[in-house]
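The values are calculated or read from the model by the stated rules, or taken from the named source; none is laboratory data. All of these numbers come straight from a predicted model, not from anything done at the bench. Reconstructed Cβ throughout: ideal geometry from the backbone, glycine too, with neighbour counts over all protein chains shown.
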Amino acid sequence: MKTRSAVSNRRNVLGLKIDVDTYAGMKQGVPRLLSILSSFGIQATFYLSMGPDASGRAILQLVKNPRFLKKMLKTKAGRLYGMKTALHGTLLPSPMIALSFPDLVEEIISAGHEVEFHAWDHRRWQDELHKRSDEWIEDWFEKGISAYRKMVQEEPSSFGAPAWLIDDRVLKILGKYDFHYLSCTRAKEAFIHEISGLMEIPSDLPCLEEIGVPQGVSRILQNLKDGWIHVLPVHAEVEGGVWREYFVEICEAVRGMDLEILPLSKIRELLLSENLPVRKYRMELLPGRSAPCAV
Ligand SMILES: [Zn+2]
């Protein structure tokens, strides 16, 4: 998909994958993003963290992982994510994320956006998945998906793994649910996961927070000039927070391009007729990130 196709009915498409990772991101970031999206008349796919916001535990990572510290300093994460968020799960109790805001979840859906499943406990997944048992993973999905059902009154169609972190066990366990596709990687092109047989629609573009501003905006727009399907990863905490003006700038630039913005379920429909490669994901440390992502 890197090269522009000769097939004339291929349209140039952009998907917006908006991850909500924290309580503050849900409470303040989502309403701001809803208003930006509405002013441009575009639809996005929101991946919600349902359960506890233990993001303050990230402070513990500073001690253990120098790359994380570097990222925190580079992106001024304290400012990006807010001091209160930095204390949730440590000095302050962990509030529930989407579960605390049923009206807001309804608002996302009634505005025509999609809501999918991102996490039960986002922070613990990204910090502890590797050392947790299969039972822990099963329990994490059970809790998260029953919370999703309670809020949305249906099954999620898609799972987007926290921090684009997956392993073989995860792909097997999620086969118990009725997901139609996954968005768990930062691969450059869509593929079929060898283990689950599910379609992967990756976030192929960089995150604004991985590059920084303003140069991230031009890098993202530059990447949009090639190929036919792109997905931009957006974080409610960042693009719905202190960097919202840069998100507006991206939306404005995209409006002037020969691009159609579609929710991820519509991108899946476009990809169903493609002969996608079947392969296994790999783990790779991408520029600007503190830990490897599935690609
Ligand atoms: Zn996330």
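Can you tell me which residue in the stretch 109-128 is nearest to the chain's Cα centre (by Cα), limited to those that are more than 16 Å from the ligand (Cβ to nearest atom) and either in a helix (DSSP H, G or I) or over 17 Å from Leu264 (Cα atoms) (or both)?
Restricting to residues being more than 16 Å from the ligand (Cβ to nearest atom) and either in a helix (DSSP H, G or I) or over 17 Å from Leu264 (Cα atoms) (or both), the top hit is Ile109.
Could you check the stretch 177-295 for helices (runs of 4 or more DSSP H) lying wholly inside it with 2 or more residues that are aromatic (Phe, Trp, Tyr) and at pLDDT 95 or above?
244-255
When you scan the stretch 160-197, how many residues do you find that are surrounded by 19 or more Cβ atoms within 10 Å (Cβ to Cβ) and either over 19 Å from Arg289 (Cβ atoms) or among the aliphatic types (A, V, I, L, M) (or both)?
15
Read through the list (1) within 14 Å of the ligand (Cβ to nearest atom); (2) modelled with pLDDT of 70 or more; (3) among the aromatic types (Phe, Trp, Tyr), then give the number of the only condition that Tyr81 fails.
For Tyr81, the exception is condition (2).
If you go through the stretch 250-295, how many residues are within 21 Å of Gln215 (Cα to Cα) and either surrounded by fewer than 12 Cβ atoms within 10 Å (Cβ to Cβ) or within 20 Å of the chain's Cα centre (by Cα) (or both)?
Adding up the residues that qualify gives 11.
Taking only the stretch 120-144 into account, find how many residues are more than 25 Å from Ser100 (Cα to Cα) and crowded, with 22+ Cβ neighbours inside 10 Å.
Going through the stretch 120-144 one residue at a time, the tally reaches 0.
Would you check if Phe46 is among the hydrophobic types (A, V, I, L, M, F, W, C), modelled with pLDDT of 95 or more and under 17 Å from Cys207 (Cβ atoms)?
Yes, satisfied.
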